[in-house]
Amino acid sequence: MEESQEITVNAGDIARFADVGRAAVSNWRRRHEDFPQPVGGTASSPLFSLSEVTAWLRGNGKSFEVSLGDLVWQRMRTTVDDLRLGELVGRVGAFLLFLHRDPGGWREHGTRSLSGDPGARPLAELVADATPDLPGPPGFRLEDRTLIRLVARLAAENGPLAAFEFLCARYVEAHSRQLSVTRDDVAALMARLTGGHLRDGGGPVLDPACGVGTLLLHAAAPLGQELSETNALLTAVRLLLRGTRARIVAGDSLREDGLAGELAAAVVCDPPFNERAWGYEDLAGDPRWEYGLPPRGEPELAWVQHCLAHVRPGGLVAILMPAAAASRRPGKRIRGNLLRAGALRAVIALAPGGPDLWLLRRPDGGRPPSQLLMVDASEDLSIVESAWRAYTADPEAEPPGESRTVRIIDLLDDEVDLAPGRHRPQQGGMDFARDLTGALDRFREVSAALPDAPPALETLAERQELPTTTVGELVRAGLVTILQAPPKMTAGSGPVPVLTAEDAAAGAEPSGGTVFDPALVMVRPDDVVATALGAVRVVEHSGAALGPQLTLYRVDPERLDPHFLAGFLRSAEASRVHPSSSRLDVRRARVPVLPVAEQRRYGAAFRELTALEDRLRETAALGETLIRLGFDGLVDGHLRPCDQRV
């Protein structure tokens with residue numbers, strides 16, 4: 001690619017940069033004859049010159065700003081077509097790993113390579129020497145010197161890891177139909193469940209269908225295999241940039257097991273669902289099918305047995321399964337054998353319609369359990385860990401909350417139906433009446449406060465223009481300090497409470513735990529905490545460590561009100577750079593310059609709006625509980641219709 005080649009953008013990119021909808025971009029094209037003409041693409045998806053669009057928008061008084069991260073991303077999209085975009089992200093990742101491991105080498109040798117110095121080593125050799133542990137040859141053949149320099153600037157400003165995470169997020173967003181990425185909250189839950197199982201101080205954790213590595217990010221000794229060579233490379237770079245020694249291989253795990261003979265301490269897996277061409281004919285006599293040959297239409301049961309074959313005796317497997325896998329008739333024989341052997345320990349419903357989380361333990365010669373744990377966590381994932389801990393402590397005891405144990409002998413019928421919804425705990429009349437009354441009283445209490453919840457706000461005849469500064473300027477002036485959790489944190493249980501991203505988003509108490517480490521960032525009252533997805537909270541209590549994927553803004557309270565800062569960080573004006581464009585650019589978010597007394601007035605309004613948001617969330621959750629209890633009560637005979645409202 002020539003360095004002079006223009007960076008191009010599509011209509012969606014323009015809308016994101018200008019903070020408008022795609023319809024607005026279409027209107028600009030129709031209504032303004034001077035709007036830039038397409039320079040490429042197709043009639044249905046035209047591409048425009050970024051410099052021309054920038055000049056037109058600024059000439060028409062429209063706010064338009066492209067962050068350095070987005071500038072890199074758009075340069076990459078201009079360099080190759082979408083089919084090769086993942087390969088280019090992998091090449092850039094290899095370069096970022098080189099910068100991470102040898103930043104001085106880039107300054108000393110890399111710039112000479114780009115300058116055409118005949119005495120300098122080629123950049124490809126420098127990168128290859130610094131990244132020998134990447135899966136397969138990285139094939140670093142970047143010819144776009146402008147892109148290389150932009151990537152180096154991005155790494156210098158934000159660090160190689162943050163730079164690569166930004167590019168990975170953009171890549172996943174651009175290929176959301178082809179890439180299946182595990183939900184962050186589910187991935188964190190699986191990491192905590194398997195991490196807590198490793199009582200012997202740890203061991204390798206395997207993901208045999210690792211995708212872009214989401215399930216392995218918290219593993220201390222990750223092993224992985226991935227069908228796509230590109231995604232295997234992305235996984236390896238993500239892990240190595242975190243300082244984690246990783247072994248990731250490319251290939252089809254079921255047909256070409258690249259880790260044959262490896263036994264992990266635990267296995268986590270989010271396999272491809274409903275993949276009919278999984279190798280049924282080729283693998284009919286495979287020794288992994290200890291519990292039965294998986295039917296042609298049940299590839300997920302092949303993955304379950306593959307995972308069990310790769311875990312040590314007594315080791316835990318956490319695998320996501322489609323909800324139908326718990327009851328499909330062709331798989332009942334294997335489900336029954338898993339139950340009889342004591343391999344399957346829990347089935348957890350994570351969301352209506354799936355997926356479900358199956359927890360299995362490879363038999364180690366001990367006495368198999370007589371009970372299977374069933375958990376319906378579709379409304380609250382936080383109940384899973386307490387139910388699992390109670391079950392592992394005493395499989396015969398009834399676990400707490402929306403969970404129960406079911407006798408395995410009762411499940412070994414003609415259906416072997418393991419769907420948690422079919423085995424919901426049956427409440428006695430007094431228990432049901434107590435739950436319904438309590439939920440109704442709490443719903444009335446919370447909803448009664450809603451009409452008075454909004455703060456007093458005055459509508460202005462004309463928009464008020466306030467002088468602004470940026471978060472970066474506030475940092476330089478000493479009003480704000482930005483902190484993040486250490487890159488490596490021992491997740492799971494521990495004496496030090498951890499504020500997680502899920503806690504911050506929900507305004508909940510710290511739910512995580514870790515061991516003491518001097519590098520931990522301990523939150524204080526009035527700290528502002530933001531998640532990568534844009535949730536912003538002001539912390540009220542101390543004593544917890546800042547969790548991964550959170551950014552902390554510690555303010556000087558004499559000069560800056562924390563609620564004032566939090567409100568503007570989550571505002572529509574800031575959303576162009578936080579979070580929709582990534583936390584890489586949050587320093588560019590704009591904040592009004594106001595006296596502290598006026599800041600506190602704004603801060604009080606923002607605080608009331610946040611409290612209203614929390615009440616609405618609680619009211620919605622209570623309403624869902626009332627609806628569920630109403631349906632259940634009418635169906636099972638605890639309720640009947642009457643003429644008077646309760």
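Of the residues making up the range 399-449, those that are at pLDDT below 80 and of a type in the set (D, E, K, R) are GLU402, ARG424, ASP431, ARG434, ASP435. Determine, yes or no, whether GLU226 is of a type outside the set (Gly, Ala, Ser) and surrounded by fewer than 24 Cβ atoms within 10 Å (Cβ to Cβ). Answer is no for this residue. Candidates are the residues of the range 21-64 that are assigned to a loop (DSSP other than H, G, I, E, B), among the hydrophobic types (A, V, I, L, M, F, W, C) and surrounded by fewer than 16 Cβ atoms within 10 Å (Cβ to Cβ); the one that is modelled with the lowest pLDDT is ALA43. When residues in the range 249-261 are screened for being buried (at least 17 other Cβ atoms within 10 Å of the Cβ) and either on the phi < 0 side of the Ramachandran plot or basic (Lys, Arg) (or both), 7 of them pass. Before we move on, is PRO363 over 26 Å from THR500 (Cα atoms) and out of contact with any Cys (no Cβ under 7 Å at 6 or more places or on another chain)? So PRO363 passes the test. For the range 598-622, a residue qualifies if it is among the small types (Gly, Ala, Ser) and modelled with pLDDT under 85, and exactly one does: ALA621.
Of everything in the range 530-545 that is part of a strand (DSSP E or B) and more than 17 Å from the chain's Cα centre (by Cα), the residue that is farthest from VAL480 (Cα to Cα) is ALA545. Screening ASP282 with (1) farther than 30 Å from PHE95 by Cα; (2) over 27 Å from the mean Cα position of the chain (by Cα); (3) modelled with pLDDT of 95 or more gives one miss only, at (3). Residues in the range 285-312 that are in a loop (DSSP other than H, G, I, E, B) and either of a type in the set (Asp, Glu) or farther than 20 Å from ARG328 by Cα (or both): 7 in all.
Only a single item in (1) within 19 Å of GLY534 (Cα to Cα); (2) out of contact with any helix residue (DSSP H, G or I) (no Cβ under 9 Å at 6 or more places or on another chain) is not met by VAL515, and it is number (1).
Kindly evaluate ARG312 against the criterion of being among the basic types (Lys, Arg), within 24 Å of LEU412 (Cβ to Cβ) and in contact (Cβ under 8 Å) with a residue 12 or more places away in the chain. Considered against the rule, which asks whether it is among the basic types (Lys, Arg), within 24 Å of LEU412 (Cβ to Cβ) and in contact (Cβ under 8 Å) with a residue 12 or more places away in the chain, ARG312 comes out as no.
Just one of the listed residues (PRO579, PRO595) is modelled with pLDDT under 85 and out of contact with any helix residue (DSSP H, G or I) (no Cβ under 7 Å at 6 or more places or on another chain), and it is PRO579.
Tell me, please, whether a residue that is closer than 27 Å to ARG192 by Cα and either crowded, with 24+ Cβ neighbours inside 10 Å or out of contact with any helix residue (DSSP H, G or I) (no Cβ under 7 Å at 6 or more places or on another chain) (or both) can be found in the range 276-297. No, the range 276-297 contains no residue that is closer than 27 Å to ARG192 by Cα and either crowded, with 24+ Cβ neighbours inside 10 Å or out of contact with any helix residue (DSSP H, G or I) (no Cβ under 7 Å at 6 or more places or on another chain) (or both). For the range 420-443, the count of residues that are surrounded by 18 or more Cβ atoms within 10 Å (Cβ to Cβ), within 29 Å of the chain's Cα centre (by Cα), farther than 26 Å from ALA501 by Cα and not acidic (Asp, Glu) is at least one.
The values are calculated or read from the model by the stated rules, or taken from the named source; none is laboratory data. Small disclaimer: the values here were computed from a predicted structure and weren't measured. With ideal geometry, Cβ positions are generated from the backbone for all residues, glycine too; neighbour counts draw on all protein chains shown.
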